[in-house]
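S.K.: Can you keep this structure in mind? I'll have questions shortly.
The values are calculated or read from the model by the stated rules, or taken from the named source; none is laboratory data. The model shown is predicted, which means the values in this text are computed figures rather than measured ones. Cβ placement follows ideal geometry from the backbone for every residue including glycine, while neighbour counts extend to all protein chains displayed.
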Amino acid sequence: MSYKSFYLFLIFALGYIFFGVESYIPVGRIGHSSILIGNKIYYFGGITDVGVSLNDVFYLDLSQPFNVANPPWIKITDIPFGSSWASVALDSSNNTEVYLFGGIMFDVNIQKDSFKSFVYKFNINSLSWNIPTVSGIAPSRRIEMKAISDNSGKIYIFGGAANFLVGAPTRTFFSDMITFDIADSSWSINTAVNGRATYSATLLSNAFGISGGLLALTGGFFVYRWINIKKREKDHAPGFFGSNDDDHASIPGTPTDDNLSSY
């Protein structure tokens, strides 16, 4: 082998070791969280089919063509705990900080509860995790809810459920609307409608549109509107979905209307 060939081989080998030529291959999972930031979809944790909590963070770059049978996943870091049935939302003011709310938080080494905070903050540039200091009464632990951020620096979380994995003695559905103010780093909680979990949620022009899910009472679709922080109204269409329409998706119509399509 010539010296030139040797050095080319060495450069390739070092690039493989330090930069990773092959993409990450995540194990199958459910209960993970995901969010679109720019051209990348980021995935957080999840749980395997045998109940093992996962703590990996990886993304898929949508700006490049890829084979759907073998997507080029890229792992970037780990969550400080195994996270499943949580929800994530982006700080739209900087597009670099992601907030992870609730869910099951397990120590991945012993698969035991390791809850410390209802909210964690993740920076996609520094890949750092921390627990923000938040004023107000923290929400009760819960799973299977959705967090949505708006352009005013607020994140909204509706309902969710709790079970023995998050310290609840019995299966419980929450009916509150939680507001997390990013700028003030504060909680506020308001009573909403019937408790619901595993629903789909979409931010409309002036509303938090929710459809399907598992409910304490009946199925349906409703739009949770806000005129200001103290005045709210709800439009409920019972029977639009059955009571078992959980774990599906919804998308808004146009940016200026409040139409919602659910699948």
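S.K.: Suppose we filter F118, F122, F101 for residues that are without any contact (Cβ under 8 Å) to a residue 24 or more places away in the chain and under 22 Å from L54 (Cβ atoms); which single one remains?
M.R.: Sole residue among the options that is without any contact (Cβ under 8 Å) to a residue 24 or more places away in the chain and under 22 Å from L54 (Cβ atoms): F118.
S.K.: Further question on the same structure: Could you look through region 96-151, keep only residues that are of a type in the set (V, I, T) and in contact with a helix residue (DSSP H, G or I) (Cβ under 7 Å, 6 or more places away or on another chain), and pick out the one that is nearest to F173 (Cα to Cα)?
M.R.: I143
S.K.: Okay, next question. Where residues in region 179-197 are touching a residue at least 40 places away in the same chain (Cβ under 8 Å) and in a strand (DSSP E or B), which of them is farthest from V98 (Cα to Cα)?
M.R.: If we take residues in region 179-197 being touching a residue at least 40 places away in the same chain (Cβ under 8 Å) and in a strand (DSSP E or B), then N190 is farthest from V98 (Cα to Cα).
S.K.: Only residues that are among the acidic types (D, E) and on the phi > 0 side of the Ramachandran plot: list them for region 136-194, please.
M.R.: Within region 136-194, E144 is the sole residue that qualifies.
S.K.: Considering each of L54, L60 in turn, give the residue that is touching a residue at least 40 places away in the same chain (Cβ under 8 Å), surrounded by 17 or more Cβ atoms within 10 Å (Cβ to Cβ) and assigned to a strand (DSSP E or B).
M.R.: On inspection, the qualifying residue turns out to be L54.
S.K.: Hey, could you check region 32-74 for residues that are within 17 Å of the chain's Cα centre (by Cα) and charged (D, E, K, R) and say which is nearest to D113 (Cα to Cα)?
M.R.: So, considering only residues that are within 17 Å of the chain's Cα centre (by Cα) and charged (D, E, K, R), the one nearest to D113 (Cα to Cα) is D56.
S.K.: Can you give me the number of residues within region 90-128 that are at positive phi and of a type in the set (G, A, S)?
M.R.: Residues meeting the conditions: 2.
S.K.: Checking Y199 against (1) over 26 Å from K116 (Cβ atoms); (2) at pLDDT below 75, which single condition isn't satisfied?
M.R.: All conditions are met except number (2).
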